[in-house]
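See structure below.
The values are calculated or read from the model by the stated rules, or taken from the named source; none is laboratory data. As the structure is a prediction and not an experimental result, all values here were calculated from the model. Heads up, the Cβs are rebuilt from the backbone with ideal geometry, glycines too, and the neighbour counts pull from every protein chain shown. Surface areas here come from the heavy atoms of the whole protein model, side chains and all, with no ligands, DNA or RNA. Shrake-Rupley method; radii C 1.70, N 1.55, O 1.52, S 1.80 Å.
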Amino acid sequence: MKIAIMGAMPEEVEPFLVGSDEPLSKNFMVRESLDYGANRYHLARYKDLEIVLAYSKIGKVYSALTAATMLEHFGCEMLLFSGVAGAVNPQLKIGDLIAATKLCQHDLDITAFGHPPGYVPEGKIYVEPSPKLLTVAKEVARERGIELQDGIIATGDQFIADPERKAWIAETFDADAIEMEGASVAVVCDALEVPFFVLRAISDAADMGATFDFDEFLKHSSRRSSSFILAMLEKIHGEKSAF
Ligand code: ADE
């Protein structure tokens, strides 16, 4: 089975790699790194699972390109996204893990034509990840005593550090967290009928202090997210006949 693991920024995928500053205990030995479509893809193995690992660069377009490349060019049959997000739900604190139950694009706007925010004809406002992968995540959390929340993630091509915009996104989409890639990756996987899962660890509260907190907590929160994805991989490996 071939699995795509992606993040948006180098910091979000570095913990997976042997040779990173502080590697996780069971990370990947890369066999080959290939450049394709102006991006680098690392081919690795985790037990008998084939892994394709990459960061896309920030934003919806770059992440859609990377996700599509991983599925269509490299032939991945499942995609796991790992990274950081800003908290919208006040119950989410820095370092907390949130698994997306639904993803939407908060900046997709043809409301001028009477459509609801986040909607374009023949699209859908919310895209849902694989229920099976969400179940795996919940089992991993329970078995390892890790706190995992779930909720709606809103994606847009803006770093949100503005209480008013944050409140609008919260109200309009019932969002719990915001980031810049999840929904675009979700749209690609949904269209190509490949099971996917989006995990984020909170790096900031998308408020006035967001840029400062983001710089401070990016590495730590990325590591929390990567570590959880590795635990999921262990479980997926054990149950791969179910996928
Ligand atoms: N990713 C992490 N924090 C974010 C924020 N405040 N806005 C958008 N994306 C983010």
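Observations on the model:
- For the stretch 2-242, the relative contact order is 26 percent, taking Cα pairs closer than 8 Å that sit 6 or more residues apart in sequence and dividing their mean separation by the residue count.
- Protein heavy-atom accessible surface, 1.4 Å probe, per residue over the chain: 45 Å².
- Simple label model, 7 Å out from Cα along Cβ direction - K240 to K57, nm: 3.3 nm
- Ordering L79, V61, S203 by the projection of their Cα atoms onto the charge dipole of the chain, which places +1 on the Cβ of Lys and Arg and -1 on the Cβ of Asp and Glu, puts L79 at the extreme positive end.
- Of all DSSP beta bridges confined to the stretch 2-242, the antiparallel ones make up roughly 40%.
- Shape category assigned to the stretch 29-157 from the gyration tensor of Cα positions, a/c cut at 1.5: oblate
- Unit charges on C-beta of K, R, D, E only; dipole of the stretch 15-174, Debye: 340 debye
- Degrees, to the nearest 10: 163-173 long Cα axis against longest axis of the chain: 80 degrees
- Farthest toward the positive end of the dipole of the chain, out of F243, Q149, S226, is the Cα of F243, where the dipole comes from beta carbon charges about the Cα centre.
- Longest DSSP-loop-exposure-free segment, GluC sites (Glu not before Pro), the chain, at most 13 other Cβ within 10 Å: 1-76
- Reachable aspartates and glutamates, given that their alpha-carbon falls under 15 Å from the alpha-carbon of K166 and they are not under 8 places away in the same chain: D107, D157, D174, D176, E179, D204, D207
- Gap separating the Cα centres of the stretch 158-201 and the stretch 58-113, nearest whole Å: 5 Å
- Share of carbon and sulfur in the accessible heavy-atom surface of the chain [1.4 Å probe, %]: 52 percent
- With DNA, RNA and ligands ignored, accessible area of T111 (1.4 Å probe; Å², nearest 10): 60 Å²
- Cα shape, the stretch 93-243, gyration tensor, a/c 1.5 rule: oblate
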